[in-house]
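This report refers to the structure that appears directly beneath it.
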Amino acid sequence: MERSKVSWFPVVIGMIMLLAISTPYLYAANAGGDEYIFGGFLFNPLDNNTYLAKIYQGWEGDWRNQMAYSADPGEGAYINLYYLFLGHVARFSSLPLIFIFHAARLIGAAALSWTLWRFFGVLFRDQRPRKLAFALSLLGSGLGWALILSGLVASDLWVAEMYPFLASATNPHFPLGLTLMLWLIALVQRDRSFWQSILRVFLAWALSVVSPFGLAVVLGILGCQFLYEFVARRAWQNLASMLDDGATILLTLIGGSPAMLYYLWVSHADPIVAAWNAQNVTLSPPLWDLLLSLSPALLLAIVGAWKQIKPGKHHEAPLLLIWAGMSLFLVYTPFDLQRRFLMGIFIPLAGLAALGLEHLVARFSWSFRSWAILLFALSLPTNLVVLLTSFHGVQTHQSVLYLTRDEAVSLEWIVENTPSDALILASPGLGNFIPAHTGRRVIYGHPFETINAEQEEKIVEQLFEGELPFDELRTYLDERGVGYIFCGPREQGISAACLDWDYEAVFSDGQVNILATGN
């Protein structure tokens, strides 16, 4: 009987998570009415449109990722291969690109749920902390909800890669990356065989393709664990153990190095990729923000960590302490991508929190169930706020989530009637949609993917504000090679200047005019 209860527990929790991250999308897709078309994304649509643009490139048969959000896309590089691969899947299956995106996201979420259950099963002998750690890591978040009324937006509301739930609700590569990370970390706890070594090499390669920085985090964990075994457990007295730990790191490097070395080379050799990389700055949140966003799990995790380092005690899961400690230490190093060290940080904290609660219950005769309920009562509201916010965005048809029907029809016309390499001038808002839904390039559409983003955004806004005389406008568009101008409700919302530009309207529908420049 107990075995049956345990086996159904991860299924129930996993299904709750999958329903929670699916239902809002189904609602949004059917809530546009006659005037609006859902763009396909509820969480972080700005970045997700760029991922859809990469899937579009793969659908067109490409394996080189070009900067579709820039006037000069460059020759392309073998980066973002996972999304290009999904594009090839869409092409061969004849399924819609947005369907492939969300199918991959949900498959990744299901895989992450199953892997989390197995991961904590490897680390914990008892079922109670295993179940608590699993449910908390999969469904929980921080105390960011407590700041909503103050107008402050804490990290647990938007830094998706920290939390399995938010990662799974956002895009495909976050849950898949976390799944691969857990596999690589959990394999350390098992006896190695030849086939496990081959599996490690393959998983490391896959992680380097799906989430390169996830591999960096894994290598950091393995390196710290090697030092822990060497110093705390005197592994240097056991040559076989040292060689085994060293082989684990070496095999991970063998699998991940080809892609990582290529990324390092292309980020310096390709000027377009180098310019993109220079803009791709992801700094960590303030310390108070991070502490709040990881609590209350963090508070219990401190108790669990103390239990792990207390002399003379059984160290049940030192790996969790190593992972959490390394990430929290590195997150404030002077590094442009420092926030990436937080990837999956809530997982080890949830595990340590479960151990901490077990310790407090045993020490003070507390009710485990009552304190677990309180823990979840404090940890679930942020994710509920995220879901409710998405529902509000759907009900108000926010422009970052929806296209007007006229805009959607116009994008279909662009696909059928313009060259695949056409460069389009559009407002910053619509510029985020165009590459994702048509594969065509724009002057500006994203703060990272557009090269010289700040300058390009200012230029686009100035053009639509009508600040340039028409002759100067024409000269600029000719020099940049702009073939078409999108003059729709977003552009006219900046000003009505584009309605008066002396270009031929090659398409007109409702509020949208598409002008051809002749370039």
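For helix 45-59, report the angle its Cα long axis makes with the longest principal axis of the Cα atoms of the chain; keep it between 0 and 90° and round to the nearest 10°. The helix 45-59 is inclined about 80 degrees to the chain.
Both the radius of gyration and Dmax for segment 330-488 are 24.8, 81 Å, in that order, over alpha-carbon atoms. For the chain, the share of alpha carbon pairs falling in successive 20 Å distance bins from zero is 21, 51, 24, 4, 0 percent. Would you please state which residues of segment 61-81 a label at Trp265 would reach in this model, taking the label point 7 Å out along Cα→Cβ and a backbone N cut-off of under 14 Å? Output list for this probe position: 77-79. For the chain, what proportion of DSSP beta bridges, expressed in % and rounded to the nearest 5, is antiparallel? Around 75 percent antiparallel, to the nearest 5. Each DSSP beta bridge with both residues in segment 402-516 is either parallel or antiparallel, and the antiparallel ones are about 70%.
Between the C-alpha center of segment 29-70 and that of segment 335-396 there is a gap of 31 Å. Here the alpha carbons of segment 402-516 define both size measures, Rg and Dmax, at 12.8, 34 Å. When both segment 277-304 and segment 88-146 are represented by their alpha-carbon centers, they are found 21 Å apart. Taking all C-alpha pairs of segment 246-340, those more than 18 Å from each other amount to 66 percent. For segment 276-399, taking Cα atoms only, Rg and Dmax work out to 17.8, 59 Å respectively. Distant-in-sequence amide contacts of Ser284, defined by a placed amide H-H separation under 5 Å and a gap of 5 or more residues or a different chain, comprise Gln338, Arg339. Scoring 264-275, 452-463, 396-407 by mean Cβ neighbours within 10 Å over their residues and listing the highest first yields 396-407, 452-463, 264-275. Between helix 81-93 and the chain there is an angle of about 70 degrees, using the helix long axis and the longest principal axis of the Cα atoms.
The long axis of helix 212-231 is offset from the longest Cα principal axis of the chain by roughly 20 degrees. Less than 5 angstrom separates the built amide H of Tyr36 from those of Arg405, all sequence-distant by 5 or more or on a different chain. Amide H contacts under 5 Å for Arg441: Ala422, Ile424, restricted to partners 5 or more places along the chain or on a different chain, H placed in the peptide plane at 1.01 Å from N.
Of the residues Leu84, Gly488, Trp413, the one whose Cα sits farthest toward the positive end of the charge dipole of the chain, with +1 on the Cβ of Lys and Arg and -1 on the Cβ of Asp and Glu, is Leu84.
Applying a 4.7 Å Cβ-Cβ cutoff to the chain leaves Cys224 as cysteine residues with no disulfide-compatible partner.
Once both labels are positioned 7 Å from their Cα atoms along Cα-to-Cβ, the gap between Ala146 and Ala377 label points is 1.4 nm. Quickly estimate the mean residue ellipticity at 222 nm for the chain, helices only: each DSSP H run with n ≥ 4 gives -39500 (n - 2.57), and the total goes over all residues, rounded to 500. Estimated from H runs of four or more residues: -20000 deg cm²/dmol.
Pairs of Cα atoms nearer than 8 Å and 6+ residues apart set the relative contact order; for segment 381-519 it is 22 percent.
Modelled spin labels at Leu253 and Leu46, positioned 7 Å past Cα toward Cβ, are 3.8 nm from each other.
Values in this text are rule-based calculations from the coordinates and carry no lab data. Note that this is a predicted model, so its numbers are computed, not measured. Positions of Cβ are backbone-derived with ideal geometry, glycine not excepted, and every protein chain shown enters the neighbour counts.
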